[in-house]
């Protein structure tokens, strides 16, 4: 009863390590089921520019270990126009594409839902973003690698902070969620973690940040002090926060903004495996009729989750670690 | 009702990256509860040689990122003697130690159970081994790092295999389980995976290995071919298997035995976080009376599991990935 | 005729990977010659605060692979005071120290020359700085590692730049020299390199930067464009440059400031070997009477160079690579 | 007076990280001079199988950071036949190729010299091999990366050796030269180094190996002991040596054979820069008439060296480091 002859895949939004593993698994799984795979380039733009190619086995050889995405990604203003979704759907119809797989975050999935209103085929999402801010899956593809990339940088900063007995503030990505910051902060043994989930920070009251620093200096004799900060945690950014702190405590605090380094790099094992699993699962579920679902993993098992709910973000950060970090880790 | 004044910790069995994160979390959590922590050195030998020291805050500073274990590890023949367990318990009593935390694998936990027969205090285990062959926890501390270390090596071999269009067999650790091999194999995009869970391999019948190689050569035009092999998968080892294959197919197959590289290295984020979580949880549970339990993590939550059952190994390898690799990944 | 019984070592200025290798080699070499080694902590501050310890074999075990410096580093305002150098010399005399080894850059060497005016013992310098801006040695300790650290970051940015087809400006360290920038830029295959040696950049005339970008877009179809920028190359910094470029060409240009990450990390082989060689050579030369010299390496051979000339900076950046990058590499 | 319209390049012998940087620089430099570049695949085999393609700009984009060689490498039995060299030359003539660049080791250069007897065009060699056993250049392309790859593995083994207080023997590549072994051994702080340059090792007399081990145990209290061994240093290999040592001293000694991991991986900065420099220099020199030369680097400067002398191997290993390691480093 497999009515799918040809499916399409695209990567959208910020690229994430492991997207290539998902593309590879989609191609291999589809090929094993005699389904052709079309890859659109530059995210949804490929649908408007008619930029695509048939993905063959050799296109996905030796890509599992590569960062970025072989299909490229981009924002797509064309999809935001009133006629955009219908136009995108028209391309899919015109190319006889029976199903579309969108690898990206919840913003990309919203775009898919718009297209679905005009598209006769099936649509499934695969969660790929370093921010881990997609509901319906424990982890998104790219998140584990981003933690280890951040960690590698913080470890290096620790070396020099320790040699100089200095205070460093390291800003990590995460848009409006603190997943990367909390995980990397705990894993780095950061003395302090500042992220949205821990409450907002006001320039008028920096005591919550200053008190533990002074405590550490007086009582603990720490030779370095690292504060990991989620982006968007302080008006003016982490550089402004570092200046405010320097001024308040009379010790030079340096800011380091990790930035886009966190998106790149060869994916770690966890992301290659998750990408493989969700890519394969997405194809299998399409063949069984899934539509408007996201292929996620919860408690180790591949599951479907309504695409329309992936942005609701009820997903909680591990409460055990949050509590431990606040009560123990920062001291 | 916290009756614990002093607890002890030791690392036993093969060392695993992340053990230091667990030691650090144990010290920090205990200190926050005004509990003293004694560290025994060289595994159980510390109990016999009276080699120990009080762990203070500065002993665990900047160790979360270090491989190995600051407490050292070792086999302990003394514990295997008839009087061994009683002697070990005597040391604990003599030093007024109210509870013992053993970080190691199920062999180490068996030793703990023997000591428990003579010891009045509480005992809790923390699963630390790269092999992931401990029941009662989804992952053991060190497993994630071992996968990424193996992966890094296989990626390098892929580079040279690809340049030379060669066949390589890479042997990974895992004692009698295929966790590392399956995970690293899938994550590396290995063309073939040989591990205990996929059935045994006989020198008399190598067809199951040879057929997919020939298939790949004829049909797929792959420019390299990597077989990931769990240790103990073939009589005489992976070098013997490579020779047998070379002879059978007339193409040189090279063996590469990764060996102890897999034990070392700075732990990845997942192992630092798991070590932190389970170390902290172990202390908290001891304070609440836990005894003869292992602190594990299942479905993201810290849980207790009877120490006596950790070696039963009902833990299944992800059936989705096993099936996918056998049906799709190898082709 | 070895009159040295006790020598002292300190690390000063910005820390650099490989300083620990030098400290280790100094201790091992001195011990083999029955010379005691005192390590002062926090750079020259250790001389004022009397913070020091005798370095024994076990202090330098397993440090060759560590970033930072076990002796710590710091700026030393006390040395800048009129009486500072005499006071520092007094500490050396008081502790019966026959010779002092200063590991650092040319600023640290200037401090050593001031102390020498009041000190009866011998002084030798070992060039340790990531900036490679010390004359009298082909490379300074830490420079090779800084290049590879920068490279690792730029490779990651390339992944995401390539996925998004974006323009990135990556700012590297180097104070007032372009060594790291030129080397990392060439090694990264950067499309453009902006460093002091290539002439200054004025906000009023960005044509030298813009023209090659437009050329690359029109003619070469490059999918990403990376400009590596030395710090202090543009008024307002690299973020300001990125904004000016974005405005001028109408394409978003993103800035990434690598910062202190470049100082940390396990030293690469070249720095461990250079640190070992220069540390050992410094001790040997002290024993043969060297004074007011720097231990450097030129054309593969350990050599002495007058400490007073190390800041003259006649050292030229490889003219072949400069020419090649300007004529070929940027196009 | 540039009579070269079309040149060819091939990579031959064992692949080495940085070969892609050389290929890229050759293409870019040639293109800037309006010279077409043909890439032959699989080493000299490409000449026999007529496997080649014109290398364009986009073929060499984003390859500078990749291990292996995009042109593939292979042994070429056809070239060893009596008619082989003439046949190879015939292909070059037939394709109107005015010059050939061979990237490889001295074995590959011998092949080039044979072809030169029948070929009217120019031939130049570029030294690419991890072994650094080519005369006429201080370093070969790939050597620096191989050291760091070995180092990364030895550091990991150090972690586990230290945790277990064990003796490890780590075998490194190098065919018949000890460059990698000596450099990686010193950089790793290995307690002992066994390589051809330090004299041969006989199963009948292991005292030179055993004495320092016993010295370290008795006097130094070292918690781990690592012996780095060049391949081909002991009859039966390093595994046999480990067994002989275990038997002789009564302590378990484990062998670890690094093998082909050392060939792969993203090239370090030094190899990317050397590859770029020598590739560019080779093209420039061809255009100026160079023939039967190798493009090498001596004392930081690109130089030509007669291709016929590259295998003479007078190149000495740094005598300072050899002496230091023997007198100091091992103790």
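Any residue in segment B:55-76 that is away from every other protein chain (no Cβ under 13 Å) and touching a strand residue (DSSP E or B) at 6+ places or on another chain (Cβ under 6 Å)? It would help to see each step written out before you state the result.
Here is the first cut: in segment B:55-76, the residues away from every other protein chain (no Cβ under 13 Å) are B:55.
Going one step further and asking which of them are touching a strand residue (DSSP E or B) at 6+ places or on another chain (Cβ under 6 Å), we end up with B:55.
Yes.
Considered as a group, the residues in segment C:26-54 that are within 14 Å of chain A (Cβ to nearest Cβ) and in a helix (DSSP H, G or I) include one that is farthest from residue D:330 (Cα to Cα), and that residue is C:49. Scan segment A:97-107 and give yes if some residue there is in contact with a strand residue (DSSP E or B) (Cβ under 9 Å, 6 or more places away or on another chain) and modelled with pLDDT under 95, otherwise no. Yes, segment A:97-107 contains a residue that is in contact with a strand residue (DSSP E or B) (Cβ under 9 Å, 6 or more places away or on another chain) and modelled with pLDDT under 95. Residue count for segment A:16-41, restricted to those that are surrounded by 23 or more Cβ atoms within 10 Å (Cβ to Cβ) and either modelled with pLDDT under 95 or at positive phi (or both): 1.
Does segment B:196-210 contain any residue that is touching a strand residue (DSSP E or B) at 6+ places or on another chain (Cβ under 9 Å), buried (at least 23 other Cβ atoms within 10 Å of the Cβ) and under 15 Å from residue B:322 (Cα atoms)? Within segment B:196-210, not a single residue is touching a strand residue (DSSP E or B) at 6+ places or on another chain (Cβ under 9 Å), buried (at least 23 other Cβ atoms within 10 Å of the Cβ) and under 15 Å from residue B:322 (Cα atoms).
Here residue B:22 fits the description: within 25 Å of residue A:325 (Cβ to Cβ) and either in a helix (DSSP H, G or I) or assigned by TED's automatic domain parsing to the domain that holds residue B:100 (or both). So is residue B:150 in contact (Cβ under 8 Å) with a residue 40 or more places away in the chain and closer than 23 Å to residue D:14 by Cα or not? It is true that residue B:150 is in contact (Cβ under 8 Å) with a residue 40 or more places away in the chain and closer than 23 Å to residue D:14 by Cα. Can you find a residue that is touching a strand residue (DSSP E or B) at 6+ places or on another chain (Cβ under 6 Å) and touching a residue at least 12 places away in the same chain (Cβ under 8 Å) anywhere in segment C:81-90? Checked segment C:81-90: no residue is touching a strand residue (DSSP E or B) at 6+ places or on another chain (Cβ under 6 Å) and touching a residue at least 12 places away in the same chain (Cβ under 8 Å).
Within segment A:152-177, being in contact with a helix residue (DSSP H, G or I) (Cβ under 6 Å, 6 or more places away or on another chain) and at pLDDT 90 or above holds for A:153, A:156, A:157, A:160, A:168, A:169, A:170, A:171, A:172, A:173. Across segment A:293-331, what is the total count of residues that are within 14 Å of another protein chain (Cβ to nearest Cβ), within 30 Å of residue B:29 (Cα to Cα) and not in a helix (DSSP H, G or I)? Within segment A:293-331, residues that are within 14 Å of another protein chain (Cβ to nearest Cβ), within 30 Å of residue B:29 (Cα to Cα) and not in a helix (DSSP H, G or I) number 9.
Take residue B:68 and decide whether it is crowded, with 16+ Cβ neighbours inside 10 Å and either under 17 Å from the mean Cα position of the chain (by Cα) or within 26 Å of residue A:159 (Cα to Cα) (or both). Yes: the conditions hold for residue B:68. Quick one: would you say residue A:252 is within 11 Å of chain C (Cβ to nearest Cβ) and either touching a strand residue (DSSP E or B) at 6+ places or on another chain (Cβ under 7 Å) or surrounded by fewer than 24 Cβ atoms within 10 Å (Cβ to Cβ) (or both)? Taking the combined requirement at face value, the residue satisfies it.
Listed by position, the helices (runs of 4 or more DSSP H) enclosed by segment B:203-292 that each have at least 1 residues that are under 23 Å from the mean Cα position of the chain (by Cα) are B:237-249, B:269-287.
Taken over segment A:269-302, residues that are on the phi > 0 side of the Ramachandran plot and either in contact (Cβ under 8 Å) with a residue 40 or more places away in the chain or crowded, with 24+ Cβ neighbours inside 10 Å (or both) amount to 3. Which of the residues spanning segment A:46-100 are out of contact with any helix residue (DSSP H, G or I) (no Cβ under 9 Å at 6 or more places or on another chain) and within 18 Å of residue A:28 (Cα to Cα)? Listed by number, the list holds a single entry, A:54. Check whether at least one residue in segment C:162-170 is closer than 27 Å to residue A:156 by Cα and free of Cβ contacts under 8 Å to residues at least 40 places away in the same chain, and report yes or no. Scanning segment C:162-170 turns up at least one residue that is closer than 27 Å to residue A:156 by Cα and free of Cβ contacts under 8 Å to residues at least 40 places away in the same chain.
For segment D:303-317, the count of residues that are surrounded by fewer than 21 Cβ atoms within 10 Å (Cβ to Cβ), without any contact (Cβ under 8 Å) to a residue 40 or more places away in the chain and not assigned by TED's automatic domain parsing to the domain that holds residue D:35 is at least one. Scan segment D:192-202 for residues that are free of Cβ contacts under 8 Å to residues at least 24 places away in the same chain and assigned to a strand (DSSP E or B) and report the count. Residues meeting the conditions: 1. Scanning segment B:5-19 for residues that are part of a loop (DSSP other than H, G, I, E, B) and either in contact with a helix residue (DSSP H, G or I) (Cβ under 6 Å, 6 or more places away or on another chain) or within 24 Å of residue D:161 (Cα to Cα) (or both) yields B:12, B:13, B:14, B:15, B:16, B:17, B:18.
Conditions (1) within 21 Å of residue A:163 (Cα to Cα); (2) touching a helix residue (DSSP H, G or I) at 6+ places or on another chain (Cβ under 7 Å); (3) at pLDDT below 95; (4) not assigned by TED's automatic domain parsing to the domain that holds residue A:178, marked per residue:
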site: A:216; (1), (2), (3), (4): yes, no, yes, no
site: A:228; (1), (2), (3), (4): yes, yes, no, no
site: A:232; (1), (2), (3), (4): no, no, yes, no
site: A:235; (1), (2), (3), (4): no, no, yes, no
site: A:243; (1), (2), (3), (4): no, no, no, no
site: A:259; (1), (2), (3), (4): no, no, yes, no
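Among the numbered conditions (1) outside the structural domain of residue D:303 (by TED's automatic domain parsing); (2) in contact (Cβ under 8 Å) with a residue 12 or more places away in the chain; (3) farther than 28 Å from residue B:251 by Cα, the only one that residue D:156 does not meet is (2).
Quickly run through segment B:30-46 and pick out the residues that are free of Cβ contacts under 8 Å to residues at least 60 places away in the same chain and more than 19 Å from residue A:324 (Cβ to Cβ).
Scanning segment B:30-46 gives B:36, B:38, B:39, B:40, B:41, B:42, B:45, B:46.
The values are calculated or read from the model by the stated rules, or taken from the named source; none is laboratory data. Just so you know, these numbers come straight off a predicted model, no measurement behind them. Neighbour counts are summed over all protein chains in view; Cβ atoms, including those assigned to glycine, are modelled from backbone coordinates with ideal geometry.
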